[in-house]
Each structure stands twice: as structure tokens, then as C-alpha cells.
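Below is one structure, written out as C-alpha cells; the observations come after it.
The values are calculated or read from the model by the stated rules, or taken from the named source; none is laboratory data. The structure displayed is predicted, hence computed values, not measured ones. No Cβ is skipped: glycine too gets one built from the backbone with ideal geometry, and neighbour counts run over all protein chains shown.
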Amino acid sequence: MSNKAQSGVNIDLGNQCSRTAFAWAKKTFGNRPAGEGSPVPGLDGAFSNIMDFRGVKIGMSSDGIGTKIEVAERTGIYDTLGYDLIAMTADDLAANGMETVNLTNILDVDHLDHAVVDALMRGLHDAAGAANIVITGGEIAELGGRICGYGRGMHFNWCAAGTAVLPEGTEPVDGSGISAGDAVIALRSRGFRSNGFSLLRNVMREHFGDAWHHEAYDEHRTWGEVLLTPSRIYSPLIAGLRRSGCGLKGIAHITGGGLGDNLARVLKHSGRGAELTDVFAPLPFMKEVQRIGKINEAQAYRLWNMGNGMLIVADKKEAGRILSYAKAEGYAAKICGSITAKTQIVLETKGLGPQKIIYGS
């Protein structure tokens, strides 16, 4: 079954539209002279955008949390979404070695509910504290029937834009220095983060019915609570690693497109490939979604992170130092593979039907 047929989202079409949008945006790069707020060359297709202001490099990224919002509307739990909003924005910037310093947000609503807004912003406050980020501005717009959602409460869409800086004495991480033999390190995720929720909601609805969010996952949590698990924010770890002098050659934020597509974005400048033989296994509830939704390995590993929220490429001599630092900061990390001279990425999956998936030629 195709991605579109099962999930309602066509990843290939989405990639095509993104390439078209960027092609038009790229035509504006000449609007600013070099060094006066001009884009840094060589970062086409990176996870974020970097501008050069007379030698001071500033990163920018924008994103939203998509249809995970519906899970909050179903459960009435709103104070965790701030972690997803910051993770989707700041971790894209971290993928180029940038440290996010501030964030602005736009909350589009059909009508206002003060209690919901308070819960959302309280959660954003808590997430910003965990990520060392200042919330410097925002906008709340009442758009009436232009916004819709589940149930009778306030419906909304939530997006943000982050600004980041390079740690002093460093350059952007763009993957160009990656060599065969380098280590690939995986950082474990604690849930689906904020990607692939169209398919998740379809699976839940088809298996449990419209009130799926009330169904028990285990004796402590409902399926609604499990799917709402907030995203782990990796940007503070990346910033700390760079400040400590660890040499990070490439960083892949595992969002839509999964491990293969996102690692390929990092490797394209080096002409290298990778063998990922020991990635983190999916969390038990991810495997259960696979089982009840009859989702094969290839699709699961393209739509979701499957337990791996970020990949770091570094010289294998640096790997031990990176793992020790991550453990001290409370992040689960392990060497999951290595860089190869071939251009293809070979992934050994660990879902319900383990197999080798090959990306590229």
C-alpha cells in the first residue's frame, strides 16, 4: 500500500513541493550583498538556513507541530505541545551546529479559550527553560471557521520561528568533512515526536473507532496519552558538545522521511554512504502501532523516527567522548553504524519485521 493511500500524506509529492518552493526562494539570494545579511553558500537542502552578517553567522528555522494538535484536543492535555514546537524548530537548527537563542510563535485559533492558551504557553515556558531559549514574541490570531479540529473546544494551529547563533570559534556543521570510517551515533527518542500523525490517527481510528484516545494502552496510560508523549529536545546537547570541543561532522534531525532520507541530506556534500547496523529499537508502543496498523518496515522507517530522534556523525576517535558527555546530560546514545565509501545507506531495521533497507544507488 502506498504512503498516500495508508497515511493520507504523500511524502514524495511533499518533497517535490518543498524543492519547488526552495527553488523560488533561492532566486532571492542575490537580493542581499555577500556579508550584509546574505545566505551562507553550500547549505542547500540543510535543516535550517544560515545568514552571514559581516562574518557573524545567524541561523533561522521555522516549523509547526502539525496534526499532533488533534491528540491534545482529544485528551485535553495542552501543556506538553511546547516541547514539540521547540524540538521541531531548535533541533533543525542544531542539525547545522547552531544554538537557538530565541523563538517567536504564531497561534491561529478559531476562537479564544484563556485556559487552553495558558496551558500552551506554560508548556512552552517549561520547554524553553529546558532548551535555554528565550520566547521573544508571538501573535494570536482569531480566524473563525478558517481553523477547525476535534470536538467543541478551541481549535488551533501553532507554528514558530527560531533564531540561532554559532558557538564562538566554530563553523556550521554541513557534512562536507565526513569520511569513510567515521562513526554514526544515534540519540534515542521517547516517542513519535511530531511527525507522521496523519497515519497514526488513521491507524487508531480504524482499529479502535473514533474515541480511540480513550482506549487503554496499558494500566497507566491511554493511547491518547501515549501518542502525546512530548518530544525530547536535543539542541542543548548539541550546543554543549560543540562548546566542549567535540568534532561533529554531520547531524541529522530525524523527522518526516525517517532515518534514510534525513541522513542522506547530511551525506550529500561528502559523497559518502552509511551502514546503520545497530540503531535503537522502536519503543514498544511504536511496534504495537505497526502491528495493529499492518505497517511494513519500509513505510514505518520512512514516516517515523522509530526510536531514533537524531544521528551524529563524528570521527570514531571522538565517539567515546560524545557518548560519555551525552550520558552525563541524561541522553541515551550509542554507536549505531559507520560511514562507508559507497553512496548508499544501508539500514538494518528493528521493527516487527527486521530487514535491510537500502537507500540510494
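Some notes on this structure:
- Assessment of the range 317-332 against the conditions (at positive phi, assigned to a loop (DSSP other than H, G, I, E, B), modelled with pLDDT of 95 or more and not assigned by TED's automatic domain parsing to the domain that holds A130) yields at least one matching residue.
- Tallying residues that are over 20 Å from G257 (Cβ atoms) and in contact with a helix residue (DSSP H, G or I) (Cβ under 6 Å, 6 or more places away or on another chain) within the range 331-352 yields 4.
- Verdict on E215 being among the acidic types (D, E) and free of Cβ contacts under 8 Å to residues at least 24 places away in the same chain: yes
- For the range 162-204, the set of residues classified as farther than 30 Å from G271 by Cβ and either touching a strand residue (DSSP E or B) at 6+ places or on another chain (Cβ under 7 Å) or of a type in the set (A, V, I, L, M, F, W, C) (or both) consists of G162, T163, F192, F197, L199, L200, V203, M204, listed by residue number.
- Every residue from the range 127-173 that is among the aliphatic types (A, V, I, L, M), over 25 Å from the mean Cα position of the chain (by Cα) and farther than 23 Å from V71 by Cβ: none
- Count of residues meeting criterion [of a type in the set (K, R) and buried (at least 20 other Cβ atoms within 10 Å of the Cβ)] in the range 237-278: 3
- Residue that is touching a helix residue (DSSP H, G or I) at 6+ places or on another chain (Cβ under 6 Å), in a strand (DSSP E or B) and either surrounded by fewer than 18 Cβ atoms within 10 Å (Cβ to Cβ) or assigned by TED's automatic domain parsing to the domain that holds E329 (or both), where the choices are I140, I135: I135
- Boolean, I254 is touching a His at 6+ places or on another chain (Cβ under 7 Å) and under 24 Å from L227 (Cβ atoms): no
- The listed residues are I77, I65, and the only one of them that is aliphatic (A, V, I, L, M) and over 30 Å from D174 (Cα atoms) turns out to be I77.
- Taking the criterion of being buried (at least 22 other Cβ atoms within 10 Å of the Cβ) and either of a type outside the set (V, I, T) or more than 30 Å from E215 (Cβ to Cβ) (or both), the residues of the range 225-236 that qualify are L227, L228, P230, S231, Y234, S235.
- Checked against the criterion of being assigned to a helix (DSSP H, G or I), within 24 Å of D92 (Cβ to Cβ) and under 21 Å from the mean Cα position of the chain (by Cα), the candidates S194, S198 yield just one match: S198.
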